[in-house]
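Participant: First, the structure itself, so that you have it in front of you.
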Amino acid sequence: MTSLRGRRVLIVGGGSGIGREIASRAVADGADVVIAGRHPEKVEVSAGIRAIALDLTDESSIERAAADLGAIDAIVALAADHANGPLVTLDVDRVRRALDAKVVGPILLAKHFAPTMPEDGAIVLFSGVAASRPSRDLVVMATGNRAAEGLADALAVELAPIRVVAVSPGIIDSGAWDTMGAEQKSRFFASTAAANPARRIGSPQDVTDVVMLALTNPFLTATTIHIDGGGRLA
Ligand SMILES: NC(=O)c1ccc[n+]([C@@H]2O[C@H](COP(=O)([O-])OP(=O)(O)OC[C@H]3O[C@@H](n4cnc5c(N)ncnc54)[C@H](OP(=O)(O)O)[C@@H]3O)[C@@H](O)[C@H]2O)c1
């Protein structure tokens with residue numbers, strides 16, 4: 001697949017943030033997009049985009065989606081369900097949900113969708129800068145992201161010639177940080193930008209550029225692309 005024109009793209013976790021931007025770009029490039037998540041009723045649909053229910057913690061919902069949708073050319077799996085905080089405060093169900101969103105769910109997506117994907121199909125998984133640079137209170141995030149990178153390599157071998165690539169963003173102004181409140185978010189963004197080599201925060205467009213490359217470059221597989229402003233070295 002060297003272009004998304006006329007292709008069917010499934011974006012799991014595409015109802016918000018970076019995923020929403022990927023959905024818009026894919027439609028602009030001629031794809032037919034399905035956004036999947038736990039709350040399809042909240043997804044803003046428009047021409048070329050529809051929303052379906054799929055919960056990565058529930059294999060039957062993945063199996064049902066695969067049966068309903070039929071063959072899909074490309075999958076972008078970027079769901080995240082965070083379980084951050086000091087180890088002693090971690091609730092095991094939250095930990096499992098977080099690892100389901102990043103690792104177990106994507107394994108099940110591959111199990112149910114890959115059998116009907118074309119040979120030139122592509123899967124993009126999502127890691128994040130915490131995989132390369134763990135910090136305190138992010139044990140689950142660091143582990144899930146690192147596992148997503150390993151999973152991309154393993155699936156690339158298992159599903160070849162279907163390509164599988166992991167994308168690892170740094171800090172992105174995707175809306176996910178808005179819960180911090182404006183003041184705290186702006187302090188966090190300023191200190192992050194001051195410390196990374198790019199001296200800025202990333203945008204959903206920055207990450208989308210890389211996802212488009214991962215979906216359409218036929219020689220790109222079994223690797224992780226870092227789009228983090230060098231933040232993993234900061
Ligand atoms: N933003 C950053 O600074 C940053 C940094 C490093 C890495 N990343 C990675 O980039 C990706 C996108 O980030 P973002 O900021 O755009 O995230 P986001 O806006 O929080 O989106 C996460 C999405 O995951 C979906 N989701 C969560 N649990 C799910 C489940 N069990 N089944 C299906 N969908 C589920 C949510 O949709 P529903 O609630 O509707 O299900 C939501 O749309 C994530 O993988 C994140 O870890 C982001």
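Participant: Can you list the lysines whose alpha carbon is less than 18 Å from that of Lys111, not counting same-chain residues fewer than 8 positions off?
Facilitator: Filter leaves Lys102.
Participant: Hey, another quick one. So between Arg199 and Ala53, what do we pick up on full extension, going 0.36 nm a residue minus the alpha carbon distance?
Facilitator: Values: separation 146, 0.36 × 146 = 52.56 nm, distance 3.84 nm.
Value of the extension gain: 48.7 nm.
Participant: Further, regarding this structure: Starting from the Cα of Thr116, move 7 Å in the Cα-to-Cβ direction to define the label point; list residues of the stretch 54-90 whose amide nitrogen is under 12 Å from there.
Facilitator: Correct set: 63-73.
Participant: Taking 7 Å along the Cα-to-C-beta vector as the label spot, tell me the Phe219-Ser46 distance in nanometres, rounded to one decimal.
Facilitator: 3.5 nm
Participant: Using r as the Cβ-Cβ distance of Ala160 and Ala67, and R0 as 25 Å, what FRET efficiency do you calculate, to the nearest 0.05? Display every interim value, and only then the final one.
Facilitator: Values: r = 25 Å, r/R0 = 0.98.
Plugging the Cβ-Cβ distance into 1/(1 + (r/R0)^6) gives 0.50.
Participant: How much FRET efficiency would the formula 1/(1 + (r/R0)^6) give for Gln184 and Thr2, where r is the Cβ-Cβ distance and R0 is 30 Å, rounded to 0.05? Present the calculation step by step, with values, prior to reporting the outcome.
Facilitator: Details: r = 43 Å, r/R0 = 1.44.
It comes out at approximately 0.10.
Participant: Amide H neighbours of Ile225 under 5 Å, counting only residues 5+ apart in sequence or on other chains, H built in-plane at 1.01 Å?
Facilitator: Ala166, Val167, Ser168
Participant: I've got another one for you. Pick out which of Gly70, Gly202, Gly150 has the largest mean-square fluctuation in a Gaussian network model of the chain, springs linking Cα atoms closer than 10 Å.
Facilitator: Looking only at Gly70, Gly202, Gly150, the largest GNM fluctuation is found for Gly70.
Participant: Then there is this: Write down the accessible area per residue of the chain in Å², having rolled a 1.4 Å probe over the full set of protein chains.
Facilitator: Numbers: 11010 Å² over 234 residues.
Accessible area per residue: 47 Å².
Participant: Still on this model: Between the stretch 1-76 and the stretch 144-205, what's the alpha-carbon centroid distance in Å?
Facilitator: 20 Å
Participant: Shifting gears a bit: Towards the positive end of the charge dipole of the chain, with charges on Cβ (+1 Lys, Arg; -1 Asp, Glu), say which of Phe189, Thr223, Leu109 has the farthest Cα.
Facilitator: Comparing the listed Cα positions along the dipole, Phe189 ranks first.
Participant: Please state the charge dipole magnitude for the stretch 97-147, taken about the Cα centre, from unit charges on C-beta atoms (+1 on K and R, -1 on D and E), reported in debye and rounded to the nearest 20.
Facilitator: On the way: 6 positive and 4 negative charges, 63 e Å.
About 300 debye.
Participant: HN-Hα J couplings of the stretch 146-155 from phi, Karplus 6.51/-1.76/1.60, θ = phi - 60°, integer Hz, Gly and Pro as x?
Facilitator: For the stretch 146-155, the Karplus-derived couplings read 4, 5, 5, 5, x, 5, 4, 4, 5, 5 Hz, x marking Gly and Pro.
Participant: Expressed as a rounded percentage, what relative contact order does the chain have, with Cα pairs under 8 Å and six or more residues apart?
Facilitator: Relative contact order here is 20 percent.
Participant: Based on the Cβ-Cβ distance of Ala28 and Arg96, what FRET efficiency does E = 1/(1 + (r/R0)^6) give at R0 = 30 Å, to the nearest 0.05? Before the final figure, lay out each step's value.
Facilitator: Details: r = 37 Å, r/R0 = 1.22.
My answer for the efficiency is 0.25.
Participant: At a 1.4 Å probe, what is the % contribution of carbon and sulfur to the accessible area of the chain?
Facilitator: Numbers: 5930 of 11010 Å².
Carbon and sulfur: 54 percent of the exposed surface of the chain.
The values are calculated or read from the model by the stated rules, or taken from the named source; none is laboratory data. Remember, it's a predicted structure, so these values are computed and weren't measured experimentally. With ideal geometry, Cβ positions are generated from the backbone for all residues, glycine too; neighbour counts draw on all protein chains shown. Each accessible area value is taken on the protein alone, full model and side chains, heavy atoms only, with ligands, DNA and RNA left out. Shrake-Rupley method; radii C 1.70, N 1.55, O 1.52, S 1.80 Å.
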